[in-house]
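*Asks:* Here you go, one structure.
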Amino acid sequence: MSKLEKAGITKLQGRNANKRIEVLFNPAEYSFDRGNAWKASVVPGLGGPLYQFSNGEAASLSMDLFFDDYTDPAARQTGVSKKSVKERLDEINQLLDIDAELHAPSPVRFDWGDFHFTGIIEKVARKVLLFQADGTPARARLTVSLKEYRSLGQQLDDPRRESTDKSKRRQIVGNDSLWALAHREYTDARHWRTIAAFNDMDDPLALQAGEWLLLPPLEKNNGS
């Protein structure tokens, strides 16, 4: 029989970084959602709009976590729970607190076997189902909602935006020029001719703010 993998949430940054909070019971289920944002452009005379990719949206993860003093496995074995429901609830709720070192709540990572999700905790909803004699929670259910977290460096590297072997689409901003655009995208201003030819431009100086240009991939030394 394979070993039961316990799910857990690990704080990634700031004070107590890498501290793992192991859940009492693995979730019965979780919801994972991911999507993209597309912008519709209406072109007169066409039967439908044209869609341009805008940006990827952060994935989201949500799950219910169950806590119970009376069915805690440690309590069944020893008669005393290692952590009370109140302590477990406080431990997870503290992940929403502003970290003194970060001046913001820390990103976290949810792990369960081969499934790993790095994100920020958006919301924790608590429902207390049973109480001790003194009014402290004895049984509760938490609904935890997370949004995917990726640093700027990770988003620039995957996909690599500086790649010259993929066609790209760029919008002219302000007083931009083909020379500046070629330098940014190809690190060589001389490739303004490549952009102008690919977009069939009669006057490379007649750029207008808001105009979209296609940037072709550059031919490599091997002809690819």
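*Asks:* About the Cα centre, and with charges only on the beta carbon of Lys, Arg (+1) and Asp, Glu (-1), how big is the dipole of the chain? Nearest 20 debye, please.
*Replies:* Working: 31 positive and 32 negative charges, 98 e Å.
Rounded to the nearest 20 debye, it is 480 debye.
*Asks:* Let me ask something else. Would you please give the residues with an amide H less than 5 Å from that of Asp99, counting only those at least 5 places away or on a separate chain, with H modeled from the backbone geometry?
*Replies:* Answer set, sorted by chain and number: Ala104, Ser106.
*Asks:* Which value, in Å², gives the accessible area per residue of the chain when a 1.4 Å probe is used on the protein heavy atoms?
*Replies:* Details: 14960 Å² over 224 residues.
Value for the chain: 67 Å² per residue.
*Asks:* Another question about this same structure. What full-extension length gain, to one decimal in nm, is calculated for Leu152 and Phe198 as 0.36 nm per residue of separation minus the Cα-Cα distance? The partial results should precede the final answer.
*Replies:* Details: separation 46, 0.36 × 46 = 16.56 nm, distance 3.07 nm.
This chain segment gains 13.5 nm when fully extended.
*Asks:* The chain: longest stretch without exposed GluC sites (Glu not before Pro) (DSSP loop, at most 12 other Cβ within 10 Å), sites themselves excluded?
*Replies:* Details: sites that count: Glu5, Glu29, Glu101, Glu162, Glu219.
Result, exposed sites excluded: 30-100.
*Asks:* Counting only the heavy atoms of the protein chains, how much of Arg141 is accessible to a 1.4 Å probe, in Å² to the nearest 10?
*Replies:* Near enough 80 Å² of accessible area.
*Asks:* Carbon and sulfur: what percent of the chain's accessible surface (1.4 Å probe)?
*Replies:* Details: 7430 of 14960 Å².
Looking at the chain in its full context, I get 50 percent from C and S.
*Asks:* By accessible area of protein heavy atoms, probe 1.4 Å, what ranking do Asp99, Asp188, Asp114, Asp64 get, highest first? Please list the in-between numbers first.
*Replies:* Values: Asp99 10, Asp188 35, Asp114 155, Asp64 70 Å².
Sorted descending by solvent-accessible area, the residues read Asp114, Asp64, Asp188, Asp99.
*Asks:* Same structure, new question: At 1.4 Å probe size, with no ligands or nucleic acids counted, give the accessible surface of Phe117 in Å², nearest ten.
*Replies:* For Phe117, the solvent-accessible surface is approximately 10 Å².
*Asks:* List the residues of the range 13-27 whose backbone N lies under 18 Å from a point placed 7 Å from the Cα of Phe115 along the Cα-to-Cβ direction.
*Replies:* 21-27
*Asks:* Another question, then. Could you derive backbone 3J(HN,Hα) for the range 85-97 from the dihedral phi with the Karplus parameters 6.51, -1.76 and 1.60 (θ = phi - 60°), listing whole Hz in sequence and x where the residue is Gly or Pro?
*Replies:* 4, 4, 5, 5, 5, 4, 4, 6, 5, 5, 5, 8, 5
*Asks:* Ranked from the most accessible area to the least, with a 1.4 Å probe and all protein chains present, what is the order of Tyr70, Tyr186, Tyr30? List each step's numbers first, then the result.
*Replies:* Numbers: Tyr70 125, Tyr186 15, Tyr30 90 Å².
I get Tyr70, Tyr30, Tyr186, largest accessible area first.
*Asks:* Could you work out the helix-only [θ] at 222 nm for the chain, with each DSSP H run of four or more residues adding -39,500 (n - 2.57) and the total divided by the number of residues, to the nearest 500 deg cm²/dmol? Kindly include the intermediate steps, with their values, before the conclusion.
*Replies:* Working: 5 runs with 37 residues, N = 224.
For the chain, the value works out to -4500 deg cm²/dmol.
*Asks:* Would you kindly derive the ³J(HN,Hα) couplings of the range 130-141 from the backbone phi angles with the Karplus curve 6.51 cos²θ - 1.76 cosθ + 1.60 (θ = phi - 60°), listing them in order in whole Hz, with x for Gly and Pro?
*Replies:* For the range 130-141, the Karplus curve yields 8, 10, 6, 4, 8, x, 6, x, 10, 8, 8, 10 Hz.
*Asks:* What's the tally of Lys pairs in the chain whose alpha-carbon atoms lie under 22 angstrom apart, where the two lysines are 8 or more places apart or on different chains?
*Replies:* Summing the qualifying lysine pairs gives 27.
*Asks:* The range 82-126: percent of C-alpha pairs farther apart than 12 Å? All intermediate terms of the calculation are to be shown ahead of the outcome.
*Replies:* Details: 680 of 990 pairs.
So the portion of pairs separated by more than 12 Å is 69 percent.
*Asks:* Can you tell me what percent of all Cα-Cα pairs in the chain are more than 30 Å apart? Display every interim value, and only then the final one.
*Replies:* Numbers: 12450 of 24976 pairs.
That fraction is 50 percent.
*Asks:* On to the next question. Accessible surface of Lys86 in the full protein assembly, 1.4 angstrom probe, to the nearest 10 Å²?
*Replies:* About 90 Å², ignoring ligands and nucleic acids.
*Asks:* Among Trp112, Thr136, Asn36, which residue has its Cα positioned farthest towards the positive end of the charge dipole of the chain, with +1 placed on the Cβ of Lys and Arg, -1 on the Cβ of Asp and Glu, and the dipole taken about the Cα centre?
*Replies:* Selected residue: Thr136.
The values are calculated or read from the model by the stated rules, or taken from the named source; none is laboratory data. Just so you know, these numbers come straight off a predicted model, no measurement behind them. A quick note on method: Cβ atoms are made from the backbone with ideal geometry, for glycine too, and the neighbour counts reach across all protein chains shown. Each accessible area value is taken on the protein alone, full model and side chains, heavy atoms only, with ligands, DNA and RNA left out. Shrake-Rupley method; radii C 1.70, N 1.55, O 1.52, S 1.80 Å.
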